[in-house]
1. What number comes out for accessible area per residue over the chain if the probe is 1.4 Å? Units Å², please.
2. Over the chain, what per residue volume does the convex hull of the Cα atoms give, in whole Å³?
3. Short version: ³J(HN,Hα) in whole Hz for each residue of region 34-43, in order, from phi by Karplus 6.51 cos²θ - 1.76 cosθ + 1.60 (θ = phi - 60°), x for Gly and Pro, what are they?
4. Of the listed peptides 44-53, 114-123, what is their order by residue-averaged count of other C-beta atoms within 10 Å, with the highest listed first?
5. Along Cα→Cβ, 7 Å out, is where each label goes; now give me the distance between the ones at ASP83 and ALA12 in nm to one decimal.
6. Binning every alpha carbon pair distance of region 88-127 at 10 Å from zero, what are the percents per bin?
7. Taking all protein chains in place and a 1.4 Å probe, what share, in percent, of the accessible surface of the chain do carbon and sulfur account for?
8. What percent does the relative contact order of the chain come to when contacts are Cα pairs within less than 8 Å and at least six residues apart?
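The values are calculated or read from the model by the stated rules, or taken from the named source; none is laboratory data. Values in this document were obtained by computation on a predicted structure and should not be read as measured data. Here the Cβ positions follow ideal geometry from the backbone for every residue, glycine too, while neighbour counts run over all protein chains shown. Heavy atoms of the whole protein, side chains included, go into the accessibility calculation; ligands, DNA and RNA do not. Shrake-Rupley method; radii C 1.70, N 1.55, O 1.52, S 1.80 Å.
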Amino acid sequence: MRRAGVLNPALAEGLARLGHGHLVVVADCGLPLPPSAPVVDVSVVHGVPRFTQVLEAVLDEIVVEGSVAATESSGTVVSTWLDERGLAPELVPHDELKALLDSVALVVRTGEATPYANVVLRCGVPF
């Protein structure tokens, strides 16, 4: 039994496999899931778990050197959530963000039902 950190076995395994430069997506429940990437679906019902809860858990586990979010999230609560967590994502149109999904190493699907609550995190290294 782990003392702390991510308890979900599939999510813990997926995060442990990430390396420098890998992309991981924390997604709302509406983002199309790519057939080519591993997906850990932690959604239960709309709103559970929240995007912010899952994002915080992921950020506690990995080093992030950059991020990408949809331009459409600018000025919304989503941009506030990202700013509050020290992320300053590059903004791209939502269609471009969805195009990145083919090259991600992991997608974590939440129950979030807020539009454009998606972020692509680029893994860094702790040294």
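1. Per residue, the chain has an accessible area of 52 Å².
2. Per residue, the Cα convex hull of the chain comes to 105 Å³.
3. Taking θ as phi minus 60°, the curve returns x, x, 8, 10, x, 10, 10, 9, 9, 5 Hz for region 34-43.
4. Final packing ranking: 114-123, 44-53.
5. Once both label points are built, they end up 3.6 nm from each other.
6. Whole-percent P(r) values from 0 Å outward: 21, 56, 21, 3.
7. Exposed carbon and sulfur together represent 54 percent of the surface.
8. Computed over the chain, the figure is 48 percent.
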